1. Given H placed 1.01 Å from N in the peptide plane, which residues other than close sequence neighbours of T486 have an amide H under 5 Å from its amide H?
2. Might you report the magnitude of the Cβ-based charge dipole of the range 451-595 about its Cα centre, with Lys and Arg at +1 and Asp and Glu at -1, to the nearest 20 debye?
3. Order these by the 10 Å Cβ neighbour count, fewest first: H193, H188.
4. T244 to Y620: extension gain in nm, 0.36 nm per residue of separation minus the Cα-Cα distance?
5. Residue by residue, what Karplus-based ³J(HN,Hα) values in Hz, rounded to whole numbers, does the range 322-337 have, using 6.51, -1.76 and 1.60 with θ = phi - 60° and x for Gly and Pro?
6. Starting from the Cα-Cα distance between F339 and E514, subtract it from 0.36 nm times their residue separation and give me the gain in nm to one decimal.
7. Considering only Cα-Cα distances, which of the following residue pairs are longer than 23 Å: K137/K169; K522/K593; K137/K252; K522/K583; K169/K211?
8. What distance in nm separates the simple spin-label points at Y521 and I355, each placed 7 Å from Cα in the Cβ direction?
Amino acid sequence: MLRYKIAYTANNRSWKSPTDVPVRQVSSGWSEMVWLSEALLWSLLLSAAVYLNAAHQLQTYGSHGPETPQVIRAVLGEESDSRCAVFFFADGSPSTTYVLRETIYPWSPWGVAVFEVTSNIRNANETLVQLITVVAKARRLRRESWCTTVMVMSDDPVFLAVLVEWSLKNFLVWSTRLLVVTRLSLLHLHHLHEAFSVTNSMLLVVNDGSKMFSMYTYLPYSLPSDNAILLATWSPQRGLTLATNLPLFPDKFTRLLRRPTLRVATSTFHTKEVGKVHSDWRHQDHMLDYLAQGINFTYIYVIPTDGTFGSKQKDGAWTGMVGMVVRREADFALEPFGFSESRSEVVDFTWPVIIQYCRILSSRGRPMVDPWGFLLPLELPVWAATLGALMMLPAAMLLLSTCFSFKTNQHTWVKDIFDLTRIILQQDYRTWALAWWKRLIIGGWVIMALVLSKSYGGNLMSSLAVRHIQQPYQSIRDVLDDPSVTMLWQTNSANVQYFHSVESGIFREVADSEIKGRITYKLLSEFPQAINTLVRRGDHVLMDLEIVITVFIGQYFTNTGRCDFYSSRERFLPMVFCMIGQKNSPLVPALSKRMISLTEAGLYDLWFKYVVPNATSCVYSPNKITVSSSLSLTNLWGMFVILLIGHTVAVLVLCMEAVESWVFTP
């Protein structure tokens, strides 16, 4: 049977003793019939176990003296915060009950919770079952508190091991301060070394008979054989005395005291050499060196077997670098990862490194002359205004001839249209005596036609020397509407996981195109070869982050001096990118602090520009170029189309006139 007692006060001076709280009975899971049939046997065994355990405690550890509550108050009072609640965990032994009563009272202004677990069977499995309920209660209370200080008091190594390990998985976070009070020596606590080294914890060891108390902490990433760091001591004569320049509950991860070697996951795009990775993405190496110097660690790269960032499989397992961090094969992963809900369930994200969009990388077309380029020297409004003037002037001339003369020729209006057309086409115009007003109109039209024709001729000569470079894929819709093009996406990326999960919209169309064979997946390390072959060919486009596309285009320009590829104008799938660490790892907040200073100082952008000096050389590359070469029929076929259409219309009009003459001639 398990008894747990909880007393909780918040922002008041009342206090309930654990003995004043009703005791809740929790069944151990056996049926009542089996329990009754074996009650006699169990009572004998439990009585013997309790007697032997109590005798062992009294013989080995003695009892806590009156100094223990005083020391605890001194330690917690040194690092007190009026907004923090205090949780006390005890194993229910008589000595711990006395200490709790004497210790809790001064913290009445705070929120105080007491969890006293009494177990009659001392083994790890039974203790674990009993503590699950207690830790769940404590977790609910912790969510209601601004901050929390946890004090665990026990001389039972099994109780301590189970409570600390289970709390580390389900209750403790780095901001929670943990104080363990025990009379066990450090030798008996070596199995808790890993748990104490990754938590904001401190050991208060009571030295039997000497009235001396020692406060220890374990450094992160230290070996079980390494000695604990003595932070402070307490004695009746000198009180609390710091043994180092470190405060109580030191922030062990902001600056690692010892220089450990951390495992950093990276992609196969890096090439390993002599235990270290040299990358073409050297701006990330600069960032890692900055973090290593600031936090004080060395590093080695670890590479996933599949070379991917990582995605969740149907069986719930994770692949790639995310999987390595989840399985604790790496302490954190270097490449910025897109933030997603599924990833946040298994790893922790640092402060954002960058905010990125996706673009389309495609091959630039070959320079060619626009066959309809002869229409380009004049804009559409100029063509429309010229045609309107050509129709309006004959009407004005017809109106004026009506005003100044009583005789009008019914063919004058049509004749005027042809005359004005002859002038604008720079053909001869013969006339005899003209009225003064008509001479003014014809003279103005001649000047306008001269300026227009000269401007058109000059612009046409210039435009024929221009080569147009096609850039057809500027949006996802352009790619989807062209069934001849195949999309390249990065294997197991967050973007791929996203468009596989949507149920409607344009990205649902992208996912459906995979069934038609229009999607190919490539690793990041395979992108350079795919760009130089598939994308260059023109029947593939690469869909990835702006930074990835910028790196490849910049590196290609550095090597060749050409801008053979372009990125689309449309940006899509915005995403926040961060580094990732193990779930609930205190290293992640330490990395985040450094990332904040790194991004605010603009170092990431500076390193990127330094590593990829030609990153922006092809961003504003023109889609038109000027060359000097002979013109071919393929460049001018548009004009011949207009000539053919004109002759066709002329033949049709001639035929209609012939038919009209044959039909209506008497």
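1. H540, V541
2. Roughly 500 debye for the range 451-595.
3. With the fewest neighbours first, H193, H188 line up as H188, H193.
4. The T244-Y620 span can extend by a further 129.4 nm.
5. Listing the rounded values in order: 4, x, 5, 5, 5, 7, 6, 7, 9, 6, 7, 10, 7, 4, x, 9 Hz.
6. Stretched out fully, the F339 to E514 stretch lengthens by 60.6 nm.
7. Table pairs above 23 Å Cα-Cα are K522/K593; K137/K252; K522/K583; K169/K211.
8. Here the answer is 3.0 nm between the modelled labels.
All of the numbers you see were taken from the coordinates with simple rules; none came from a lab. Quick caveat, the model's predicted, so the values are computed rather than measured. Here Cβ is always computed from backbone atoms with ideal geometry, including for glycine, and neighbour counts include all displayed protein chains.
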